[in-house]
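The following block contains the structure, expressed as structure tokens.
The values are calculated or read from the model by the stated rules, or taken from the named source; none is laboratory data. It should be emphasised that the depicted structure is a prediction, and the values quoted were computed from it without experimental measurement. We place every Cβ from the backbone using ideal geometry, glycine too, and count neighbours over all the protein chains shown.
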Amino acid sequence: MSPDVPIWWSPEAHARRRGLLAARGVIKASMRGWFESQGFTETECGQLQYSPGNEAHLHAFETSFVAENGRRTPLFLHTSPEFAMKKLLAAGETRIFDFARAFRNRETGVRHAPEFTMLEWYRAGEGIEAVMADAAQLARLALLAAGAKALTWRGAACDPLANPNYLTLIEAFDQYAGIELEPLLTDAAGLAAAARRAGIETPQDASWTDVFSAILVTLIEPKLGQGRLTFLHRYPVSEAALSRPAPDDVRFAERFELYACGVELANGYRELTDAHLLRMRQMREMDLKQQVYGERYPLDEDFIAAVGAMPEASGVALGFDRLVMLATGAQEISDVLWTPLGLEGRP
């Protein structure tokens, strides 16, 4: 550890963070009480699973179970509790939530941590509008529990008590990037050309998704959630592997993301319940992962079967640490983690 890097467990560093950590506890208690008042059951999903998720750019921590006879079974720390929670929906649960410890490799920085808390919840038999309302309410609860006047991040402010802004991806690309996205939904070269005209350069072999993401992250996300919450919704179906296609236009999906101060806080879906389509999408994602990173994760056959058996449902994954960070005015995510990993300065 470099001597220039502050040690989080030094009394001085801990004293600086202590008020933020106390606020974290108050926020969590407020949210837990709200879920219980709404008839939700808290789950405690296991962190070990056979597949960590099947998105191409999602990276997991690998481990193994060693039996008494020495036989090894490859396992992963989960990247979210989604697979387990959907199995619980198939089992008959109808309203569930989990403050889950989640793990993602290749993710670190002021807004990312390799180990973090994901607040995830599901409503069986209810549409995406219900969980969007939940997400807005949780942002308000965090603000009030922290005793803050606004969510803040690096000079930006957002009042979750104000009515949220609802913006489709088509509208966002037009408004903030000057790109007409709809005619380019399947045209990677055309989207790359539009990106260049907007000042975004991407590799010549970049996929449609890569170009889409570059435009979104660079030109659009920083403008969202300024002054009030923004729900970015109606994503292209290619960007929503676990979401149902929109009933009025299958080119789009019933997916949303919630933003405050230019920071993504939550990702929600009207959940896909077509097991055959899920398998096709996950295999396609793993083919892409193999192409880009030279590896692939196994499919969780139990999860695929559970998706085919689960009821209609909507769900959300919310970055709890990020919301605490914005509610308390913390400078970075490690300030609101009780025991940050502290990778900085290590060889």
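May I ask you to verify whether Ala260 is buried (at least 24 other Cβ atoms within 10 Å of the Cβ), modelled with pLDDT of 95 or more and touching a Cys at 6+ places or on another chain (Cβ under 7 Å)? If you could, list the steps in order and put the result at the bottom.
Numbers: buried (at least 24 other Cβ atoms within 10 Å of the Cβ): yes; modelled with pLDDT of 95 or more: yes; touching a Cys at 6+ places or on another chain (Cβ under 7 Å): yes.
Answer is yes for this residue.
For every residue, the table says whether it meets (1) surrounded by fewer than 20 Cβ atoms within 10 Å (Cβ to Cβ); (2) among the charged types (D, E, K, R); (3) part of a loop (DSSP other than H, G, I, E, B).
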position	(1), (2), (3)
Gly268	no, no, no
Gln282	no, no, no
Ile304	yes, no, no
Ala327	no, no, no
Asp335	no, yes, no
Leu341	yes, no, yes
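Which count do you get for residues in region 306-325 that are touching a residue at least 40 places away in the same chain (Cβ under 8 Å), part of a helix (DSSP H, G or I) and over 16 Å from the mean Cα position of the chain (by Cα)?
The initial filter retains those residues of region 306-325 that are touching a residue at least 40 places away in the same chain (Cβ under 8 Å), namely 306-307, 309-325.
Next, only the ones that are part of a helix (DSSP H, G or I) stay: 306-307, 309, 320-325.
With the extra rule that they be over 16 Å from the mean Cα position of the chain (by Cα), the set shrinks to 306-307, 309.
Residues meeting the conditions: 3.
Just one of Arg104, Arg95 is closer than 23 Å to Val307 by Cβ, touching a Phe, Trp or Tyr at 6+ places or on another chain (Cβ under 6 Å) and buried (at least 16 other Cβ atoms within 10 Å of the Cβ); which is it? Give the steps one after another, and end with the answer.
Details: Arg104 fails: touching a Phe, Trp or Tyr at 6+ places or on another chain (Cβ under 6 Å).
That would be Arg95, the only listed residue that is closer than 23 Å to Val307 by Cβ, touching a Phe, Trp or Tyr at 6+ places or on another chain (Cβ under 6 Å) and buried (at least 16 other Cβ atoms within 10 Å of the Cβ).
If you go through region 279-293 one residue at a time, do you hit one that is in contact with a helix residue (DSSP H, G or I) (Cβ under 9 Å, 6 or more places away or on another chain) and among the hydroxyl-bearing types (Ser, Thr, Tyr)?
No, that holds for no residue.
Would you tally the residues in region 162-186 being surrounded by fewer than 16 Cβ atoms within 10 Å (Cβ to Cβ), over 19 Å from the mean Cα position of the chain (by Cα) and at pLDDT 95 or above? Explain how you work it out, then say what you get.
Step one: filter region 162-186 for residues surrounded by fewer than 16 Cβ atoms within 10 Å (Cβ to Cβ), giving 162-163, 165-166, 171, 174-175, 178, 180, 182-183, 186.
Cutting the leftovers down to over 19 Å from the mean Cα position of the chain (by Cα) gives us 162-163, 165, 171, 174-175, 178, 180, 182-183, 186.
If we keep only those that are at pLDDT 95 or above as well, we get 162-163, 165, 171, 174-175, 178, 180, 182-183.
Going through region 162-186 one residue at a time, the tally reaches 10.
Among the residues of region 211-242 satisfying the criterion of being part of a helix (DSSP H, G or I) and of a type in the set (Val, Ile, Thr), which is surrounded by the fewest Cβ atoms within 10 Å (Cβ to Cβ)?
Residues of region 211-242 that are part of a helix (DSSP H, G or I), as a first pass: 211-223, 237-239.
Right, trim to of a type in the set (Val, Ile, Thr) and you get 211, 215, 217-218, 220, 237.
Details: Val211: 23, Ile215: 25, Val217: 12, Thr218: 15, Ile220: 21, Val237: 19.
Per the stated criteria, the residue is Val217.
Of everything in region 193-210, what is in a helix (DSSP H, G or I) and modelled with pLDDT of 95 or more? Give them in sequence order. First the steps, then the outcome.
Initial filter on region 193-210 (in a helix (DSSP H, G or I)): 193-197, 208-210.
Selection gives Ala193, Ala194, Ala195, Arg196, Arg197.
Now, a different point. Among the residues of region 202-209, is any among the acidic types (Asp, Glu) and touching a residue at least 12 places away in the same chain (Cβ under 8 Å)? Lay out the reasoning, then the answer.
Just the residues of region 202-209 that are among the acidic types (Asp, Glu), to begin with: 205.
Next, from what is left, pick out any that are touching a residue at least 12 places away in the same chain (Cβ under 8 Å): none.
No, every residue in region 202-209 fails to be among the acidic types (Asp, Glu) and touching a residue at least 12 places away in the same chain (Cβ under 8 Å).
Okay, next question. Just checking, how many residues over region 243-266 are in contact (Cβ under 8 Å) with a residue 60 or more places away in the chain, part of a loop (DSSP other than H, G, I, E, B) and in contact with an Asp or Glu (Cβ under 7 Å, 6 or more places away or on another chain)?
Count: 1.
Separate question: So Thr273 ticks every box in (1) among the polar types (S, T, N, Q); (2) free of Cβ contacts under 8 Å to residues at least 12 places away in the same chain; (3) part of a loop (DSSP other than H, G, I, E, B) but one. Which box is left unticked?
(2)
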